[in-house]
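Participant: Please see the structure below; I have some questions.
The values are calculated or read from the model by the stated rules, or taken from the named source; none is laboratory data. Just so it is clear, the model here is predicted, and its values are computed rather than measured. Cβ atoms come from the backbone with ideal geometry, glycine included; neighbour counts cover every protein chain shown. We work out accessible area using only protein heavy atoms, side chains counted, and drop any ligands, DNA or RNA first. Shrake-Rupley method; radii C 1.70, N 1.55, O 1.52, S 1.80 Å.
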Amino acid sequence: EAGLRYLGGRRWSADLSLFFNDYEHLRSTEAEPPPFGRLDNKLRGEGHGGELALNWRPFDALRLNASYSYLQLDVKVDGDGTDTRGAQTASNGSPRHQASVLASWQLAPAWSLSGFARYVDEIDTSAPVPNYTELDLHLSWRPWSALELRLSGQNLLDAQHPEYGPPATRGELQRAVFAEFIWAWK
């Protein structure tokens, strides 16, 4: 793993991280003895990728954070292993591309607004999950330091979307709007 950080004064920064991993003896489900098989460690693989994160504060009341990540996994059956489905699921079971933008704005001393937009690439396994883009918004009012009232909306761009699992059994995240009452004892 290697990383690089650049600080452009007190208003912005950039982080770049790169990685390469070599895996051996990953868990597998071997075909024998029938009918259920047995657990073993006959998968191996490599993973590489990186992340870029940008932080910008154009003025004291506004913060913007953007990030992008890339992940490539290549898992194979090792030696006399038989778990080709496990190797395929491990190789393709994570999104390859992800990106997000977070904005936080202090509207007034007691009021703040934040938004979180994200893109997640498809998961291409035997039970594929399509890519999705979503948005969360939060409006907060803090009349004094111990009390916060918040109105939140999650997954606002779609009525619902899947994130993982086979279509027959997977639940889907639904759009939600709710109010929160937060009391902090100090």
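Participant: State which residue pairs qualify: first residue under 15 Å from ARG118 (Cβ atoms) and hydrophobic (A, V, I, L, M, F, W, C) and inside region 151-162, second residue modelled with pLDDT of 95 or more and open to solvent by less than 60 Å² (accessible area, probe 1.4 Å) in any location, beta carbons under 8 Å apart, and separation of 6 or more residues or different chains.
Facilitator: Close Cβ pairs satisfying both conditions: LEU156/GLU134; LEU156/LEU135; LEU156/ASP136; LEU157/GLU134; LEU157/LEU135.
Participant: Can you tell me which residue in region 124-166 is farthest from VAL177 (Cα to Cα), limited to those that are outside any loop (DSSP other than H, G, I, E, B) and among the hydroxyl-bearing types (Ser, Thr, Tyr)?
Facilitator: Per the stated criteria, the residue is TYR132.
Participant: Please enumerate the residues belonging to region 11-50 that are acidic (Asp, Glu) and surrounded by 12 or more Cβ atoms within 10 Å (Cβ to Cβ).
Facilitator: Selection gives ASP15, GLU30, ASP40, GLU46.
Participant: Name every residue in region 128-166 that is touching a strand residue (DSSP E or B) at 6+ places or on another chain (Cβ under 9 Å) and open to solvent by 90 Å² or more (accessible area, probe 1.4 Å), in order of residue number.
Facilitator: Within region 128-166, TRP141, ARG142, LEU151, LEU157, GLN160, TYR164 qualify.
Participant: Pick from THR169, THR125: which is hydroxyl-bearing (Ser, Thr, Tyr), out of contact with any Cys (no Cβ under 9 Å at 6 or more places or on another chain) and open to solvent by 60 Å² or more (accessible area, probe 1.4 Å)?
Facilitator: After ruling out the rest, the residue left standing is THR169.
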